[in-house]
Amino acid sequence: MIHMTDKKANENDKPRIGVFVCSCGSNIGGFVDVPSVADYAKTLPDVVYATQNMYTCAEDGLSNIREAIRKHNLNRVIVASCTPRTHAPLFQATCEGAGLNKYLFTFVNIREHCSWVHMKEKDLASKKAKDLIRMGVARARLLIPQEEAKVEVEPVGLVIGGGVSGMSAAASMADMGFQVHLVEKDGELGGFVRLLNNLYVTEKGAAETIAPLIAKVKGHKNIVLHLNSTVKSVEGFIGNYTVGIAPKGGEEKKSKVGTIVVATGALEFVPEGLYGYNQYPNVVTLTEFEILCKRKTLPKLKSVAFVQCVGSRGQKMSYCSRICCNVAIKNAINIVDNYEGMLGVMEKEGTLIDKIPRQKKATDEILERRRRRRGRGSEGEGDAEEVKLGPSDKIEVTVFNRDVMSYGVEHELTYNKAREKRVKFVRYTVDHLPKVFMEDNQLKITYFHETLKLERTMPVDMVVLSTPLVAQPDAGDLSKMLKVPLGQEGFFLEAHVKLRPVDFATDGIYVAGTCKGPADISESVIQGSAAASRAAIPMAKGYVQAEALSSVVDETKCTGCGTCIEVCPYGALRKNEKGFAEVIIAACKGCGCCGATCPEGAISMTNYTDAQLLAEAKASLDEEV
Amino acid sequence: MADKTSGEWEPKVIGFLCNWCSYAGADLCGVSRYQYPTNIRAVRVMCSTRISPHLVLDIFKAGADGVLLGGCHIGDCHYITGNYYTEKRVRLMKRLLEESGLEADRLRLEWVSASEGEKFSKIVTEFTEHVRKLGPSKVKKDESLMARVAAADDASETFRLRALSGKEFGLVTKGNVYNNKLDPAELDKIIDSATEEEFERSLILELSRTKPRSVKELGGIMELPTDKVLRHIVVLRQKNMITMEHPEGFTPTYKTIEIGGEQ
């Protein structure tokens, strides 16, 4: 499984160091006395060659390095120029090209850390540049050639979760020609979207919309579908995971996979104890409302109130759930536009709202208020408008919100459309939350009118609570199994919020969809496809090359206490059959936490050993190496 | 500062900067041409969590006037949790420095992100001036201070303190083997008392390395009650780290075993 590259270098060779001091035009040369620095470098121990270049990174500078390695038989190269964060790969490749192991290269930063920050003190800057090179020499003398491990990648993906994001990821990977195991804990694909009525912006039903995706996933020759199944165990590292997948009550079956996409989705927050939920019959959540609409089992309604941000934005959960404003707006439009179409057969079938109290006095009151409102506009046109508005005459929809967050182009247009259809948007503040209560067999909502500075009460037939998406309760188990982190709110945490949104910090594991935070369907599809393409990179390449930047365990010192295993954020340490700690090179990132932690001092880092770091640091204190 | 003469003392400040945030921040500082004093010499490490107390204390032993550790902001660590450990370790380093008598504020931990170039220059300027005010480290000139800093270094390498500083973060956030999360303040107290004990024991070993010493003598040098010294010596003898020399008259003396420890 693991191949070593064939570059060999003898670590017992006496160091023969070459130092290349760069002027970087005048970037360094203008503020540091480069010739004297290069001359000084020649006096340092084991330095057999030192020179200065106008631009070391230009072709003549690089060929200077290659020639010097051959001519002077250099076995260590130091470039004193800019920052290793941008230029190390170039010089390392140059060394390799001349047959020198790239880990015998040392970078000394005399530009960002010297000439550019000490522009008015040439003497002191030159002295500092000399010190930095002396430190580099001290380090270079102790460097050891390293070999990079090549790890083969099993070209099989695992996608956990058969919702929209999971299916998108699986379909993408399968289309690229990789076999994919798709694990779904329910008996059906589709996840959360399955519950929904229609999807905003489009008129199509949710089920209808995702049907082609489900059909594609089900019919794809590269997708192995595991319905009613869960992932029970995960072992291994990028390219070489062994996962145990078990159907409900069935036996666990092991499969080998190379990469894993986590797309386990989210749940709707249950607003227990808020706004009369579970207390009054006609108080439902947004998703419950969608289910009622979908089944066409809505009772006859005259007035519906939506309450936004129920349980989110500081009430129970700290975050904004991002989708509920748009979902509420969609439903408000649905109610107004398609009221007749959704009205149900409740009497026949019976639903959770068959205890709904009949509206009695409400009708007149509502009509009266509506009349008043219309009258306020332009007298006489009321009739024409009434005809145009049609449905809203039959039903009134109010959205109580803290702020309407209808971000982007489509959503804002939808919001405007809702307003045109006379959906009322009433703002409330956290100091004056609306109250839902029952009086005379009539559901009512009291709210504080911000403009009027008055408390108002209106009768409603149904209250829809927009509650946030929340993390799956068992996300923690999966997080432990995969050794990937959860954020504060229990959602999975990506490697970098801006630059690596679908990667985990652990190589080979990716994340998509609402399991990493609320997202709508198109966003979930984007993330699913993105995660698939990220996961495909190592699988398409066939191998990963582990940078030789890892922990090394000295078994003669290790006592097998396991502290390193606890502190490793990547699960890159395990106990071997002898009971000693063992580093999984492909998983280790070389942070050094285990090395600084090991109570026995048995763990060191390749080329970041205590001896190397101390030699480098201490060299700055003395005038001699 | 351009008129500095070569004979004048200049603070020697060493910076350990993590590759992903503070080293990058220092790079940006350069790109943006924010100026700072020339005293600092930076050593790049992959993560601030790499910096064990031994690295820092050994450098102080070598005569550094100041050490600056730079890491990513809490929550931003490239290695997820590395800097949480750094925070705990720095607390231990400072406790050990306090025990040793070397000013603990010669060591500073700062979070500098890759975008905080200006902040880096301010920190370095301010810290360099701070170290300048503290004056040169006396470690190299004051034998007893050297012995105490060496003892602090040795203490940082003991199994007990390394294990405690490594496990501390996990004990507070994930809990112990019984899944009980420990109270951070309570744990700090435990670590502080362990630090004090390990420092004192290391100092006894340090002082008795070249010359056998009596309890009374050790108590005098360490300014500790003799019963406390004796209790440490009992522990050290149990661990086979110190041996009793032939008593002269009634006063036994103790000498450090060069390669001792529990076998």
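The values are calculated or read from the model by the stated rules, or taken from the named source; none is laboratory data. Everything numeric in this text was worked out from a predicted model, so none of it was measured. All Cβ positions, glycine included, derive from the backbone under ideal geometry; neighbour counts span all protein chains shown. We work out accessible area using only protein heavy atoms, side chains counted, and drop any ligands, DNA or RNA first. Shrake-Rupley method; radii C 1.70, N 1.55, O 1.52, S 1.80 Å.
Observations
- Scoring residue B:136 on the criteria (1) open to solvent by 10 Å² or more (accessible area, probe 1.4 Å); (2) assigned to a helix (DSSP H, G or I) leaves a single failure, condition (2).
- Test: residue in segment A:562-571 that is more than 26 Å from the chain's Cα centre (by Cα) and open to solvent by 20 Å² or more (accessible area, probe 1.4 Å): no
- Of the residues making up segment B:88-128, those that are in a helix (DSSP H, G or I) and hydrophobic (A, V, I, L, M, F, W, C) are B:90, B:92, B:93, B:96, B:97, B:104, B:120, B:123, B:124, B:127.
- Filter result (open to solvent by 20 Å² or more (accessible area, probe 1.4 Å) and more than 7 Å from chain A (Cβ to nearest Cβ)) within segment B:30-41: B:32
- Elements of the type helices (runs of 4 or more DSSP H) sitting completely within segment A:561-625 and holding at least 2 residues that are farther than 23 Å from residue A:485 by Cα and modelled with pLDDT of 95 or more: these cover A:610-619.
- One residue stands out in segment A:574-601 among those that are of a type in the set (D, E, K, R) and in contact with a Leu (Cβ under 9 Å, 6 or more places away or on another chain): the one that is nearest to residue A:554 (Cα to Cα), namely A:582.
- Flag if residue A:117 is within 14 Å of chain B (Cβ to nearest Cβ), in a strand (DSSP E or B) and within 41 Å of the chain's Cα centre (by Cα): no
- The numbered conditions (1) over 12 Å from residue B:53 (Cβ atoms); (2) of a type in the set (A, V, I, L, M); (3) away from chain A (no Cβ under 14 Å) are all true for residue B:131 except (3).
- Tallying residues that are among the β-branched types (Val, Ile, Thr), touching a helix residue (DSSP H, G or I) at 6+ places or on another chain (Cβ under 6 Å) and either open to solvent by 20 Å² or more (accessible area, probe 1.4 Å) or part of a loop (DSSP other than H, G, I, E, B) (or both) within segment A:15-46 yields 2.
- Boolean, residue A:93 is surrounded by fewer than 23 Cβ atoms within 10 Å (Cβ to Cβ) and assigned to a helix (DSSP H, G or I): yes
- Filtering segment A:609-625 to residues that are touching a Gly at 6+ places or on another chain (Cβ under 9 Å), within 20 Å of residue A:556 (Cα to Cα) and more than 8 Å from every other protein chain (Cβ to nearest Cβ) leaves only A:609.
- Checking A:443, A:352, A:413, A:433 one by one, the residue that is among the aliphatic types (A, V, I, L, M), modelled with pLDDT of 50 or more and surrounded by fewer than 16 Cβ atoms within 10 Å (Cβ to Cβ) is A:413 and no other.
- Residues being open to solvent by 50 Å² or more (accessible area, probe 1.4 Å) and either of a type in the set (Val, Ile, Thr) or part of a loop (DSSP other than H, G, I, E, B) (or both) - total across segment A:469-510: 11
- There is no residue in segment B:197-219 that is open to solvent by less than 30 Å² (accessible area, probe 1.4 Å), within 14 Å of chain A (Cβ to nearest Cβ), part of a helix (DSSP H, G or I) and without any contact (Cβ under 8 Å) to a residue 40 or more places away in the chain.
- Restricting attention to segment A:549-569, the residues being closer than 20 Å to residue B:87 by Cβ and not polar (S, T, N, Q) number 5.
- Set A:606, A:559: member being open to solvent by 20 Å² or more (accessible area, probe 1.4 Å) and either more than 7 Å from every other protein chain (Cβ to nearest Cβ) or of a type outside the set (A, V, I, L, M) (or both): A:559
- Residue B:171 being within 14 Å of chain A (Cβ to nearest Cβ), under 16 Å from the mean Cα position of the chain (by Cα), buried (at least 16 other Cβ atoms within 10 Å of the Cβ) and not acidic (Asp, Glu): no
- Each residue in segment B:151-162 was checked for being open to solvent by 10 Å² or more (accessible area, probe 1.4 Å) and either touching a Ser or Thr at 6+ places or on another chain (Cβ under 8 Å) or not hydrophobic (A, V, I, L, M, F, W, C) (or both), and 5 pass.
- Candidate set from segment B:246-263 (those that are more than 24 Å from the chain's Cα centre (by Cα) and exposed (fewer than 14 other Cβ atoms within 10 Å of the Cβ)); member that is modelled with the lowest pLDDT: B:263
Residue by residue, here is whether (1) in contact with an Asp or Glu (Cβ under 8 Å, 6 or more places away or on another chain); (2) open to solvent by 20 Å² or more (accessible area, probe 1.4 Å); (3) not aliphatic (A, V, I, L, M) holds:
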| position | (1), (2), (3) |
| --- | --- |
| B:14 | no, no, no |
| B:43 | yes, no, no |
| B:52 | yes, no, yes |
| B:102 | no, no, no |
| B:105 | no, yes, yes |
| B:108 | no, yes, yes |
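Condition check ((1) open to solvent by 20 Å² or more (accessible area, probe 1.4 Å); (2) out of contact with any strand residue (DSSP E or B) (no Cβ under 7 Å at 6 or more places or on another chain); (3) in contact (Cβ under 8 Å) with a residue 60 or more places away in the chain; (4) not assigned by TED's automatic domain parsing to the domain that holds residue A:517) across all residues:
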| position | (1), (2), (3), (4) |
| --- | --- |
| A:235 | yes, no, no, no |
| A:261 | no, no, yes, no |
| A:271 | no, no, yes, yes |
| A:280 | yes, no, yes, yes |
| A:283 | no, no, yes, yes |
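- Single residue of segment B:49-81 satisfying the filter (assigned to a helix (DSSP H, G or I) and without any contact (Cβ under 8 Å) to a residue 60 or more places away in the chain) that is farthest from the other protein chains (Cβ to nearest Cβ): B:56
- Count of segment A:121-130 residues which are within 7 Å of another protein chain (Cβ to nearest Cβ) and buried (at least 22 other Cβ atoms within 10 Å of the Cβ): 2
- Residue check for residue A:245: open to solvent by less than 50 Å² (accessible area, probe 1.4 Å) and either under 12 Å from residue A:184 (Cα atoms) or aromatic (Phe, Trp, Tyr) (or both): yes
- Of note, residue A:253 does not satisfy the criterion of being outside the structural domain of residue A:196 (by TED's automatic domain parsing) and either open to solvent by 10 Å² or more (accessible area, probe 1.4 Å) or more than 30 Å from residue A:203 (Cβ to Cβ) (or both).
- Residues satisfying the stated conditions in segment A:574-597, i.e. under 26 Å from the mean Cα position of the chain (by Cα) and within 12 Å of another protein chain (Cβ to nearest Cβ): A:588, A:589, A:590, A:591, A:592, A:593, A:594
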